[in-house]
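**Student:** Below is one structure. I have some questions about it.
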Amino acid sequence: MNAQLELIPNQEENSHPLFEDEEAYQKFRASYYEQIKPELDRQREARRLSEEDSRKHFVD
Amino acid sequence: MYTYIESGIPLLAAFERHVVVLFGHRSDFSSVGAASPDSQPFVFSSNFNRAFIGNDDNGFPYQVLGIDQTDRGIPHRLSDVQQFVAGLPEKVFLSAEDFQTVVTSILGRPDVGYRRLSPLIRSQQPILRLFLTTGRSFKKRLTDRGMGHPLVQDAYRGLPLPHFIWVCEISHADIYPENVLGEVIWDATRNPYEPDGWIALHYPEMLVVDEGSALNGMQHLLTIPLPSHTHYPIFENNLRRV
């Protein structure tokens, strides 16, 4: 199905996959997830505390 | 706050006993070429922001909220803001701070980051400008902006984009704030924890594009080399310079 989408002229000849194989890609995904997770968790907790504080201050 | 306003999204800024609407900002780019600490991998366009512009119902419209309080303008300082609310469209699940985290992480990576894939960008400290827009608005300006290379225009034009996208433009001090060298496009309707939310990674030397996301399929990343790339104008939407 992906082969039907031609983004640039002569796509087959003028492009190549970013990762060598599926294993390299999955390795990248796992490593990237591990990299971003701690900071996203920290931000999620900061937002939760801020919303809680806001509710106390402006609503209750 | 700056990133939402740069995206054209007004904010409700709450002070101790009052709320004002902020919808514009004032930047000073005279220091754009000044050296930044090498310990910082990026300079954000928000570093040049000096004040916000807003409407306070206790005063005249279009007043300044600055770092320091002035006789004229909104009678508060920026540091007095206790909370802010950004009214995002319903399907935008990726917040500005989460986008900053995911995009700076990918740009700094040893495998797909700019240090490995873009000698031109790594030659100076990159300046990053983040904003939210619609895929349709982004596409509407492709021809006018040129996008640095005809193949980038072709690829973006043929790529079905989601309704909302986050964009991180990459520039250098000698061409900013007029021009950029590339950008990262991210699906704004994605959960930040999804590691495959990026749709395109455009460096001056190459375009990496997710062909799979266009068909709502698994990510399928194609690399398109870009010989003879040039810089091109920044994206401007509903927030215009005055």
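The values are calculated or read from the model by the stated rules, or taken from the named source; none is laboratory data. The model shown is predicted, which means the values in this text are computed figures rather than measured ones. Using ideal geometry, Cβ is built from the backbone for each residue, glycine included, and neighbour counts are taken over all protein chains shown.
**Student:** Which residue out of B:TYR193, B:TYR114, B:TYR176 is over 20 Å from B:ASN47 (Cβ atoms) and hydroxyl-bearing (Ser, Thr, Tyr)?
**Tutor:** Details: B:TYR114 fails: over 20 Å from B:ASN47 (Cβ atoms); B:TYR176 fails: over 20 Å from B:ASN47 (Cβ atoms).
B:TYR193 is the lone residue from the list that is over 20 Å from B:ASN47 (Cβ atoms) and hydroxyl-bearing (Ser, Thr, Tyr).
**Student:** Check whether at least one residue in segment B:185-200 is more than 16 Å from the chain's Cα centre (by Cα), crowded, with 17+ Cβ neighbours inside 10 Å and at positive phi, and report yes or no.
**Tutor:** For segment B:185-200, residues more than 16 Å from the chain's Cα centre (by Cα), crowded, with 17+ Cβ neighbours inside 10 Å and at positive phi: absent.
**Student:** Report whether or not B:ALA188 is touching a Leu at 6+ places or on another chain (Cβ under 8 Å) and within 12 Å of chain A (Cβ to nearest Cβ).
**Tutor:** So B:ALA188 does not fit the description; no.
Okay, residues lined up against (1) of a type in the set (S, T, N, Q); (2) loosely packed, with under 13 Cβ neighbours inside 10 Å:
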{"position": "A:LEU7", "(1), (2)": "no, no"}
{"position": "A:ASN14", "(1), (2)": "yes, no"}
{"position": "A:ASP21", "(1), (2)": "no, yes"}
{"position": "A:PHE28", "(1), (2)": "no, no"}
{"position": "A:TYR32", "(1), (2)": "no, no"}
{"position": "A:LEU40", "(1), (2)": "no, no"}
{"position": "A:GLU45", "(1), (2)": "no, yes"}
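**Student:** Here is a follow-up. So, of the residues in segment B:191-213 that are in contact with a strand residue (DSSP E or B) (Cβ under 8 Å, 6 or more places away or on another chain) and in contact (Cβ under 8 Å) with a residue 60 or more places away in the chain, which turns out to be nearest to the other protein chains (Cβ to nearest Cβ)?
**Tutor:** Selected residue: B:VAL208.
**Student:** Only one of B:VAL92, B:VAL103 is surrounded by 16 or more Cβ atoms within 10 Å (Cβ to Cβ), among the β-branched types (Val, Ile, Thr), closer than 25 Å to B:THR134 by Cβ and away from chain A (no Cβ under 14 Å); which?
**Tutor:** So the residue among B:VAL92, B:VAL103 that is surrounded by 16 or more Cβ atoms within 10 Å (Cβ to Cβ), among the β-branched types (Val, Ile, Thr), closer than 25 Å to B:THR134 by Cβ and away from chain A (no Cβ under 14 Å) is B:VAL92.
**Student:** Quick one: in segment B:215-236, which of the residues that are facing chain A (nearest Cβ under 7 Å) and in contact with a helix residue (DSSP H, G or I) (Cβ under 8 Å, 6 or more places away or on another chain) is nearest to B:PRO160 (Cα to Cα)?
**Tutor:** B:LEU215
**Student:** Right, next: Quick one: what pairs do we get from segment A:11-36, first residue within 15 Å of B:VAL209 (Cα to Cα), second part of a helix (DSSP H, G or I), C-beta under 6 Å, 6+ apart or different chains?
**Tutor:** As it stands, the answer is A:PHE19/A:TYR25, since those pairs meet every condition given.
**Student:** Report yes if some residue within segment B:67-79 is in contact (Cβ under 8 Å) with a residue 60 or more places away in the chain, surrounded by 15 or more Cβ atoms within 10 Å (Cβ to Cβ) and not aliphatic (A, V, I, L, M); otherwise report no.
**Tutor:** Checked segment B:67-79: at least one residue is in contact (Cβ under 8 Å) with a residue 60 or more places away in the chain, surrounded by 15 or more Cβ atoms within 10 Å (Cβ to Cβ) and not aliphatic (A, V, I, L, M).
**Student:** Further question: Report yes if some residue within segment B:172-181 is within 14 Å of another protein chain (Cβ to nearest Cβ) and in contact (Cβ under 8 Å) with a residue 24 or more places away in the chain; otherwise report no.
**Tutor:** Checking segment B:172-181: not a single residue is within 14 Å of another protein chain (Cβ to nearest Cβ) and in contact (Cβ under 8 Å) with a residue 24 or more places away in the chain.
**Student:** Considering segment B:7-34 alone, what residues qualify as being within 10 Å of B:PHE52 (Cβ to Cβ) and under 19 Å from the mean Cα position of the chain (by Cα)?
**Tutor:** Answer for segment B:7-34, where residues must be within 10 Å of B:PHE52 (Cβ to Cβ) and under 19 Å from the mean Cα position of the chain (by Cα): B:LEU11, B:LEU22, B:PHE23, B:GLY24, B:HIS25, B:ARG26.
**Student:** Right, next: Does any residue in segment B:143-162 that is more than 9 Å from every other protein chain (Cβ to nearest Cβ) come within less than 7 Å, Cβ to Cβ, of a residue that is charged (D, E, K, R) six or more places away or on a different chain, and which pairs are these?
**Tutor:** B:LEU161/B:LYS139; B:PRO162/B:ASP187
**Student:** Looking at B:PRO126, B:PRO110, can you tell me which residue is out of contact with any strand residue (DSSP E or B) (no Cβ under 6 Å at 6 or more places or on another chain) and either surrounded by fewer than 18 Cβ atoms within 10 Å (Cβ to Cβ) or under 30 Å from B:LEU226 (Cα atoms) (or both)?
**Tutor:** Sole residue among the options that is out of contact with any strand residue (DSSP E or B) (no Cβ under 6 Å at 6 or more places or on another chain) and either surrounded by fewer than 18 Cβ atoms within 10 Å (Cβ to Cβ) or under 30 Å from B:LEU226 (Cα atoms) (or both): B:PRO110.
**Student:** I need the strands (runs of 3 or more DSSP E) fully contained in segment B:78-193, keeping only those with at least 1 residues that are out of contact with any Pro (no Cβ under 9 Å at 6 or more places or on another chain), under 19 Å from A:LEU40 (Cα atoms) and outside the structural domain of B:VAL21 (by TED's automatic domain parsing).
**Tutor:** B:127-134, B:164-171, B:182-187
**Student:** (1) β-branched (Val, Ile, Thr); (2) in contact with a helix residue (DSSP H, G or I) (Cβ under 6 Å, 6 or more places away or on another chain); (3) surrounded by fewer than 19 Cβ atoms within 10 Å (Cβ to Cβ); (4) closer than 29 Å to B:ARG190 by Cα: which one isn't true of B:VAL85, the others all being true?
**Tutor:** (2)
**Student:** For segment A:4-50, enumerate the residues that are farther than 23 Å from B:SER105 by Cβ and either facing chain B (nearest Cβ under 9 Å) or aromatic (Phe, Trp, Tyr) (or both).
**Tutor:** If the condition is that a residue be farther than 23 Å from B:SER105 by Cβ and either facing chain B (nearest Cβ under 9 Å) or aromatic (Phe, Trp, Tyr) (or both), then A:GLN4, A:LEU5, A:GLU6, A:LEU7, A:ILE8, A:PRO9, A:GLN11, A:ASN14, A:SER15, A:HIS16 are the ones that fit.
**Student:** Here's something else I'd like to know. Would it be correct to say that B:ILE234 is closer than 28 Å to B:ASP174 by Cα and within 22 Å of the chain's Cα centre (by Cα)?
**Tutor:** When the stated conditions are applied, B:ILE234 passes them.
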